[in-house]
1. Compute the label zone of Tyr55 within the stretch 200-233: residues whose backbone N is under 19 Å from the point 7 Å along Cα-to-Cβ.
2. Averaged over all directions, how much area does the convex hull of the C-alpha atoms of the stretch 283-338 cover when projected, in nm²?
3. Please give the net charge around Gln345, taking every other residue with its beta carbon less than 9 angstrom from that of Gln345, where Lys and Arg add +1 and Asp and Glu add -1.
4. For Val267 and Ala297, compute 0.36 nm times the residue count separating them, minus their Cα-Cα distance, and round to one decimal in nm.
5. So what's the net charge close to Pro270: Lys and Arg +1, Asp and Glu -1, counting the other residues with Cβ under 14 Å from its Cβ?
6. If the chain between Ala63 and Asp219 were fully stretched, how many nm would it gain, using 0.36 nm times the residue separation less the Cα-Cα distance?
7. When averaged across all projection directions, what area in nm² does the alpha-carbon convex hull of the stretch 250-368 cover?
8. When all alpha-carbon pairs of the stretch 4-243 are counted, what percent fall beyond 22 Å?
Amino acid sequence: MPTMDEVSGPSRLAEPGERISAEELQLAARNHGIPLEALRYDVTPAGLHYLLIHYDIPDLDAAEHRLTVDGRVDRPLSLDLTDLRTRPRVTRRVTLECAGNGRALLEPRPVSQPWLVEAVGTAEWTGTPLAPLLREAGIDPEAVDVVFTGADHGVERGVEQDYQRALPAAEALREEPLLAYEMNGSPLLPQHGAPLRLIVPGWYGMAHVKWLSRITVLDRQFDGFQNAVAYRLRQRAEEAGVPVTRIEPRALVRPPGFPDFMSRTRVLRPGPCRLDGRAWSGYAQLTGVEVSTDGGATWAAARLAPPEAGGGPDLAWRRWWYEWSATPGRYTLSARATDASGRCQPVEQPWNRGGFANNLVQRVPVTVLDE
Ligand SMILES: Nc1nc2c(c(=O)[nH]1)N[C@H]1C(S)=C(S)[C@@H](COP(=O)(O)O)O[C@H]1N2
Ligand SMILES: [Mo]
């Protein structure tokens, strides 16, 4: 009899010099990134926001959909979308970034969704705060983890599963997490989790469970695949590793000029050029963004748009800009962000086997023409 292991192999690293495969291309075509020119928008139009879907988009009917809250609670709940929509409504601007962003640039390359730098987007998410709902259900004060289950189903490295991710109870009870039913003022699109998803501002994408159908409170640590096996930082396959949590600081350059069709090398005419882009961190407020035009040899301070009131981490990206006077030649543009926790972006790759939480500085090759 065929087994799951035959259809679903273990994780692996590419051999030295091994190119991106048709399987990786198949994932990349399903899970597109933000076109970098869309860094021009404060809020990413929904169709330009990156996507990451492990299995299939499930077939859900918003009118029939129910959210169950169970496990270590005094009063289990079963709510439909109308119930959720009559609860307190808040909108938060939040930057989502996939934990695997930058993976395809690593050496050796973890074979998985081959992101370069484009697994990011910012949306206005509207929904109802999670914590009051957990308190209403009477969450056990001894709760350890809260598990969020999506309606999507698949097999990954031999393990058949619903997509499930747990948050530590203390994180689930913070005021930021939302049960979101709208993105940018419209009902969620199928690919972004319709009709209901979790938003955990400041955390990498894997925590923001889409197609949310169940919330289960546990008095122990969750040992499901996406927490215990995937999404851990480890150097060797045998290590337990440490969980992937919040978003490391990162800045991206909005590529200036115009692109060559094939290489996407940027072409510019000489003269004054305002470089700009976006920067964010899930840990703390940004303290600065610097720009390099020589591949990271020298850095100059960029201007940074003011933070949101409140002094917390930059849960939505901030615009930065820098006045460059472009003279003919070839350049490599980079930007790097530093936050108030002291985290910064490395110019040497921060490598781990899954290719997670890697915030290596971006490199944008630019040719400035003679005239
Ligand atoms: N149910 C479910 N939720 C999910 C996923 C998934 O495959 N299934 N992918 C996660 C990952 S890895 C990321 S990066 C984000 C991407 O959210 P987006 O597609 O809305 O940008 O969704 C997360 N939520
Ligand atoms: Mo992700």
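The values are calculated or read from the model by the stated rules, or taken from the named source; none is laboratory data. Note that this is a predicted model, so its numbers are computed, not measured. Neighbour counts run over all protein chains shown; Cβ positions are idealised from the backbone, glycine included. Heads up: the accessible areas ignore ligands, DNA and RNA and are worked out on the full protein's heavy atoms, side chains in. Shrake-Rupley method; radii C 1.70, N 1.55, O 1.52, S 1.80 Å.
1. So the set is 206-216, 223-231.
2. Seen from a random direction, the Cα hull of the stretch 283-338 projects 4.3 nm² on average.
3. Summing Lys and Arg as +1 and Asp and Glu as -1 gives +2.
4. Length gained, Val267 through Ala297: 8.6 nm.
5. Numbers: positive: Arg266, Arg269, Arg330; negative: Asp370, Glu371.
Residues close to Pro270 contribute a combined charge of +1.
6. 52.9 nm
7. Computed as one quarter of the Cα hull surface, the answer is 8.1 nm².
8. Tail of the P(r) past 22 Å holds 54 percent of the pairs.
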